[in-house]
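Visitor: The structure follows.
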Amino acid sequence: MDRLPLVVGGGALAAYLWTRNRVRTATPAPPMPVTATTSVDPRLPGRWVWPVQSWKGRIPVISDGFKSPRPGLPRHGGVDIMYERLPADTFKQGTPHGAKWHVMPDDVTVVAAHDGVVWSAMPSPTGIAVVIDHSPLKAATFYAHLETLAVKETARAESKQRVRAGELLGTVGLNPLDGERLRHLHFELWLGGPNDRIDPEEIMKRWDVVDDPRRGVLVARNGGFHYRPVGASGEPYPSWVRELVGRAGVYLIRDAETAELLYVGSSTGRLYDTLTRHFQTWRRWKKFWKGQYAEGHDPGLTYKRDSVEVAVRVTRADQALDEEARLIRRLRPRDNLLGQPVDDEVPF
Ligand SMILES: [Zn+2]
């Protein structure tokens, strides 16, 4: 169900919201929280975040409020979360991605609203549902209609999996039993137990909004790089490397022991393949890569996986090459510079 946004109500508030919305959407999505306040509700100390990520700089909004009437059903037990429709949005009304006033694209992440333990995470007839227990606070949060699940399936906290505020739980889906089949997150805040649902709307006004945590873990807040080991030959790659499939960006490879920067590379859409081929010496021997990559060349340099660390910055596809060039000029990695002319100092 789709709630008429306040924007159409007229007056100063409407003007404020309209301006705020324009400001927020005029700038590219920041890599980290777009707001930086904390909950001041005495029952909910600490950091709380909206359970849906910001999307292209847009903050999520409540598209259908607590206790809204449902024909033939009990009143709404939580709030539904989507993004406000903007004039340029192409999602058609009546599709899973569009209501009259709101939209929800594919692959939007659902994140934990606060630190806690995964109490339950499992499929249900209305989509995947997750409950996070925020003990020692007498609080829990409930997330419904997920399409994919990023935490371990569990019941009664058997997995003992801990999550932090803003950590990935899964992606937004739809309720298969809902005639509208509209993508949205159904979210509930329980203070005490499932029968103590409260209207979270006022409280949520003071919560942070975070960006897609699949990017957040890759991008350091200060713009610096976070280097991590990538395991040893034959081991599966860590999940943050596997999440680079289909993404664009730059990667930096450094010597794990001396921290010397060895190589900077980029990809406009195959970041996982482009990075990991540096560790695939057996493929190189077999000339596996010959003619495989339009954007690439011979993988050139291969490194022993367990002797290096890697940092990644995910970018838009059209930014990857510029960012790579900028970093090579600035950081002068050892192996990129072999036989290459080096520009003189450039301002950054
Ligand atoms: Zn709902």
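Visitor: What order do you get for 202-208, 181-187, 103-109 when each peptide is scored by the mean count of other beta carbon atoms within 10 Å, highest first?
Guide: 181-187, 103-109, 202-208
Visitor: Amide H of Ala248: which non-local residues (sequence gap of 5 or more, or other chain) have their own amide H closer than 5 Å, using H built in the peptide plane?
Guide: Thr315
Visitor: OK, next. Measure up Lys138/Lys205; Lys100/Lys138; Lys92/Lys138; Lys92/Lys152 against 32 Å on the Cα-Cα distance and list the ones that go over.
Guide: Correct reply: Lys100/Lys138; Lys92/Lys138; Lys92/Lys152.
Visitor: Return the FRET efficiency for the residue pair Thr95, Arg329: r is the Cβ-Cβ distance, R0 is 56 Å, and the value is rounded to the nearest 0.05.
Guide: Efficiency, rounded to the nearest 0.05: 0.80.
Visitor: Let me ask something else about it. Return the long-range amide H neighbours of Ile128 (sequence gap of 5 or more, or a different chain), with a cut-off of under 5 Å between placed amide H atoms.
Guide: His145, Leu146
Visitor: How much of the accessible area of the range 66-195, in percent, comes from carbon and sulfur atoms when a 1.4 Å probe is used?
Guide: Roughly 56 percent of what the probe reaches on the range 66-195 is carbon or sulfur.
The values are calculated or read from the model by the stated rules, or taken from the named source; none is laboratory data. Since this is a predicted model, take the numbers as computed values, not measurements. Note that we place each Cβ from the backbone using ideal geometry, even for glycine, and neighbour counts take in every protein chain shown. Note: accessible area is taken over every heavy atom of the protein model, side chains too, but ligands, DNA and RNA are not part of it. Shrake-Rupley method; radii C 1.70, N 1.55, O 1.52, S 1.80 Å.
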